[in-house]
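Working notes for the structure below.
The values are calculated or read from the model by the stated rules, or taken from the named source; none is laboratory data. What you are looking at is a predicted structure, and each value in this text was computed from that prediction instead of being measured. We place every Cβ from the backbone using ideal geometry, glycine too, and count neighbours over all the protein chains shown.
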Amino acid sequence: MALEGTLQDFALVDILQLVGMQRKTGTLTLTRKEETITVLLQDGMVVWASPGEGAFEKTMGRILVRREQITSQRWEEARQLQTRKGQPLIPFLLAGQWVSPHDLERVMQRQVLEILYRTLRWREGKYTFVAQSQIDISRGQVPPVGTETILLEAVRQMDEWPLVEQRLPSPDLVVQRKGRLVDREKVAPESLEVLELVDGTRTVREIAELCDFGEFDTYKSITDLVSDGALELERRAETTEGVRSPRVRVRIPRRLPSWLSAATLGAVTLAALLFQFSLGTDLFYLRSSHRPSTQSAVLAWKLNVARSELPQALDLYLLVRGAYPDNLTRLRAEGLLSGELLDPWGRPWVYQQQESTYHLMSPGPDGRIGTTDDLDISSSWHPD
């Protein structure tokens, strides 16, 4: 199986879901401008991800030195010897016992995950997936990570990254302690670890590289602690002709209380739902002449779920086979959909495929197509 296209047409989330569900082995290459990311998958699970040649190893060395798991002098010695012998770096380090295997694996796994999380935030670029019977893991590999696990964490980060970025102008800011004490019983373990690493000289990025729980949670913990008055951020002093300029304190927006954010989100969501229901439940693609009761609202929600699952499976089939299936049972045969192909009322979906178009219909609660309570989902695909 060979897939290629643009991330505008088919998101990386969908590509990983497809490869994961079908348990494919192969190489996924992602490009954006001058960036190239290579992801290796084995039986639908990620075993490696790295940017261009040498970038992964350079970052790995910096982190190992920063964590004092190898000295900078020892690292340079290992690199020079590995280059002369022409061996891949990671197997060379393990064979020569330059670094503890446990320490090396932790750093590699953290790097692979961070690369994937950053790439999943791409909104443009190209992808190519080439299925292979065997992949080249000579540069290194990490314990297999399921695509579902990666996607769940990526979704959590995507929801909150914009707020974190808004409150953190740069990861190169120096983190300083402030006078306010922290109630350790009310602070998350990640925040406590961050506090222990603040020494007045480390930047946000440097602290993140010392933490095993990752870049996102480190950045979030720092901005939360700054908002709570326990930390402050300053720009690193610059030296010009031997004169060190004074540090400049950076102000970031204070965060809303967590209870207020949740309450606001809940209120907005409820208002949007009520508004949509008052208009005839267009949000859920129901054609109905009456306002919904509690029961019909639940059915509307079920229809929305069904609508999102079936078209997604149909689009994945299109990506794999180049056309929509002639019947819905083929989705199960491809491993794209499980369970019964029934609508929320327990009746079979009515599916029609015509060249590059499909129609997906449900008879609705009265069991008759063509009435005001039926459901009709149509989609079309036009090849470039």
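One table, with the values for the structure above:
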quantity: Scope segment 64-73; condition surrounded by fewer than 19 Cβ atoms within 10 Å (Cβ to Cβ) and either under 21 Å from the mean Cα position of the chain (by Cα) or not in a loop (DSSP other than H, G, I, E, B) (or both); matching residues; calculated: VAL65, ARG66, SER72, GLN73
quantity: Residue within segment 185-193 that is small (Gly, Ala, Ser), in contact (Cβ under 8 Å) with a residue 24 or more places away in the chain and outside the structural domain of GLU234 (by TED's automatic domain parsing) present; calculated: no
quantity: Any hit, segment 104-112, residues being in contact with a Leu (Cβ under 9 Å, 6 or more places away or on another chain), within 29 Å of GLN157 (Cα to Cα) and either surrounded by 14 or more Cβ atoms within 10 Å (Cβ to Cβ) or at pLDDT 95 or above (or both); calculated: yes
quantity: Hits in segment 49-63 - residues which are over 24 Å from ILE150 (Cβ atoms) and crowded, with 18+ Cβ neighbours inside 10 Å; calculated: GLY61
quantity: Residue check, ILE150 in a helix (DSSP H, G or I) and either surrounded by fewer than 18 Cβ atoms within 10 Å (Cβ to Cβ) or within 12 Å of the chain's Cα centre (by Cα) (or both); calculated: yes
quantity: Selection from segment 325-337 of residues that are in a loop (DSSP other than H, G, I, E, B), surrounded by 14 or more Cβ atoms within 10 Å (Cβ to Cβ) and more than 28 Å from the chain's Cα centre (by Cα); calculated: PRO325, LEU328
quantity: Search result, residues across segment 164-184 that are touching a residue at least 12 places away in the same chain (Cβ under 8 Å) and assigned to a helix (DSSP H, G or I); calculated: VAL164, GLN166, ARG167
quantity: Residue in segment 10-31 that is under 23 Å from ARG205 (Cβ atoms), in a strand (DSSP E or B) and of a type in the set (S, T, N, Q) present; calculated: no
